[in-house]
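Participant: Below is the structure I would like to discuss, written out as structure tokens.
The values are calculated or read from the model by the stated rules, or taken from the named source; none is laboratory data. Keep in mind the model is a prediction, meaning the values are calculated, not measured. Note that we place each Cβ from the backbone using ideal geometry, even for glycine, and neighbour counts take in every protein chain shown.
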């Protein structure tokens with residue numbers, strides 16, 4: 001399946017995202033848990049704080065949450081470094097949502 005998000009075309013403040021984030025996104029998109037999502041609201045499961053996310057942010061957030069749930073069950077979909085880079089990409093794209101939802 002081809003994703004609507006092309007890593008090399010994603011920009012933050014007019015600049016391309018770091019190559020390590022591009023690589024992580026490409027690898028995440030190749031997993032069975034990646035789904036292109038529409039913009040939406042997501043909530044922190046502990047605090048209940050909600051954040052409005054773009055299409056890409058929603059896709060990354062959902063991937064991170066599913067990856068972590070699988071990891072807790074002992075199932076590694078990708079190495080932890082891919083997970084970390086996806087979290088850092090989410091942080092770069094939307095710092096406020098990162099701190100409200102993940103940190």
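Participant: Tally time: how many residues in the range 35-46 are touching a helix residue (DSSP H, G or I) at 6+ places or on another chain (Cβ under 8 Å) and closer than 19 Å to residue 91 by Cβ?
Facilitator: Applying the first criterion (touching a helix residue (DSSP H, G or I) at 6+ places or on another chain (Cβ under 8 Å)) to the range 35-46 yields 35-40, 42-44.
Then drop every residue that is not closer than 19 Å to residue 91 by Cβ, which leaves 37, 39-40, 42-44.
Final tally of qualifying residues: 6.
Participant: Let me ask something else about it. For the range 51-65, which residues satisfy the criterion of being over 10 Å from the mean Cα position of the chain (by Cα) and more than 18 Å from residue 22 (Cβ to Cβ)? Give the derivation first.
Facilitator: To start, the set of residues in the range 51-65 that are over 10 Å from the mean Cα position of the chain (by Cα) comprises 51-55.
Within the range 51-65, 51, 52, 53 qualify.
Participant: For the range 84-103, which positions are in a loop (DSSP other than H, G, I, E, B) and without any contact (Cβ under 8 Å) to a residue 24 or more places away in the chain?
Facilitator: Correct list: 103 only.
Participant: Which one is surrounded by the fewest Cβ atoms within 10 Å (Cβ to Cβ), of the residues in the range 30-46 that are over 24 Å from residue 4 (Cβ atoms) and touching a residue at least 24 places away in the same chain (Cβ under 8 Å)?
Facilitator: 43
Participant: Here's a check for you: in the range 48-83, which residue that is assigned to a helix (DSSP H, G or I) and free of Cβ contacts under 8 Å to residues at least 12 places away in the same chain is surrounded by the most Cβ atoms within 10 Å (Cβ to Cβ)? Steps first, please.
Facilitator: Of all residues in the range 48-83, those assigned to a helix (DSSP H, G or I) come to 55-72, 80-83.
Going one step further and asking which of them are free of Cβ contacts under 8 Å to residues at least 12 places away in the same chain, we end up with 65, 69, 72, 80.
Details: 65: 15, 69: 11, 72: 8, 80: 10.
The selected residue is 65.
Participant: Just to be sure before I move on: is residue 28 in a strand (DSSP E or B), modelled with pLDDT of 95 or more and touching a helix residue (DSSP H, G or I) at 6+ places or on another chain (Cβ under 8 Å) in the structure I sent?
Facilitator: No: the conditions fail for residue 28.
Participant: Right, another one. Being part of a loop (DSSP other than H, G, I, E, B) and touching a residue at least 40 places away in the same chain (Cβ under 8 Å) is the filter here, so list the residues in the range 4-17 that pass it. Talk me through it step by step, then tell me what you get.
Facilitator: To start, the set of residues in the range 4-17 that are part of a loop (DSSP other than H, G, I, E, B) comprises 4-6, 10, 13-14, 17.
Listed by number, the residues that qualify are 4, 5, 10, 17.
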